[in-house]
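Please read the structure below before turning to the comments.
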Amino acid sequence: MNPQEETSLIQIKGIRDGLLATFAQAEWELLQASLVSQIDARQSFFQGARLAVDVGTQALGVNELVGMRDRLSDRGVALWAVISESPKTEKTAQLLGLATRISKPRPEETRTPAVENSSDETALFISKTLRSGTRVEYTGTIVILGDVNPGAEVVAGGSVIVWGRVRGMVHAGAQGDASAKICALDLSASQLRIADEVSASLKPQKTPRPEVASLNNEGKLQSEVWNID
């Protein structure tokens, strides 16, 4: 199965509480294989993610949902919600302690630019504040002229530069680039990630200052003053 076929079977986008995978109508095993294939192809991006799945009219029992949950868990992905039009599937999900309702983002609040042959010189410029529920994903560097509010997510293959405050989640070097950096005028994010390294939540500073986060020689996240003079 090629990447285009996989994407046609399962669409994955960001929501306020993590990621949402929407399944097309197809055989259950084929859908599971497509989902696992997408995750395996981007392990650093999906590692530690919370995933909700919209399975449409699929009537699924305990074995099917437990099997999918276990396959996701093996890859560091937590299944937390199952959305379905089937009463059987909804009841099964509830029995397993999974949510059956989620808050979906408005379509205009999710941006995933498709770019071919990106390079280190390629950058996506965004001239607005990213509100809660917004997810921006790009294969190169992302430059934001505005704030990243709590509940917003930014995922970049390269570095992330924010000319404003960061309160949401920012993941730089999402394809494994350990040299990527995160720069902001106020770096108090709910979570920072560079490549496979994840930070704890950062408390808002009493006196905000420009900072740049990067990985040190030991591969650990560190931050220092961002000299923008």
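The values are calculated or read from the model by the stated rules, or taken from the named source; none is laboratory data. Just so it is clear, the model here is predicted, and its values are computed rather than measured. Note that we place each Cβ from the backbone using ideal geometry, even for glycine, and neighbour counts take in every protein chain shown.
At-a-glance table
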{"read-out": "Check on Ala52, closer than 18 Å to Arg75 by Cβ and at pLDDT 75 or above", "value": "yes"}
{"read-out": "Counted residues, region 36-71 - those being under 15 Å from the mean Cα position of the chain (by Cα) and part of a helix (DSSP H, G or I)", "value": "8"}
{"read-out": "Any chance Ala178 is within 20 Å of Ala41 (Cα to Cα), over 16 Å from the mean Cα position of the chain (by Cα) and either assigned to a loop (DSSP other than H, G, I, E, B) or not assigned by TED's automatic domain parsing to the domain that holds Lys13 (or both)", "value": "yes"}
{"read-out": "Scan of region 6-35 for residues that are in contact with an Asp or Glu (Cβ under 9 Å, 6 or more places away or on another chain), modelled with pLDDT of 85 or more, surrounded by 18 or more Cβ atoms within 10 Å (Cβ to Cβ) and under 30 Å from Leu192 (Cβ atoms), ordered by number", "value": "Leu20, Ala21, Leu35"}
{"read-out": "Verdict on Gly67 being in the same structural domain as Ile10 (by TED's automatic domain parsing) and either out of contact with any strand residue (DSSP E or B) (no Cβ under 7 Å at 6 or more places or on another chain) or at pLDDT below 90 (or both)", "value": "yes"}
{"read-out": "Filtered residue count, region 134-175, keeping only those that are of a type outside the set (A, V, I, L, M, F, W, C) and in a strand (DSSP E or B)", "value": "8"}
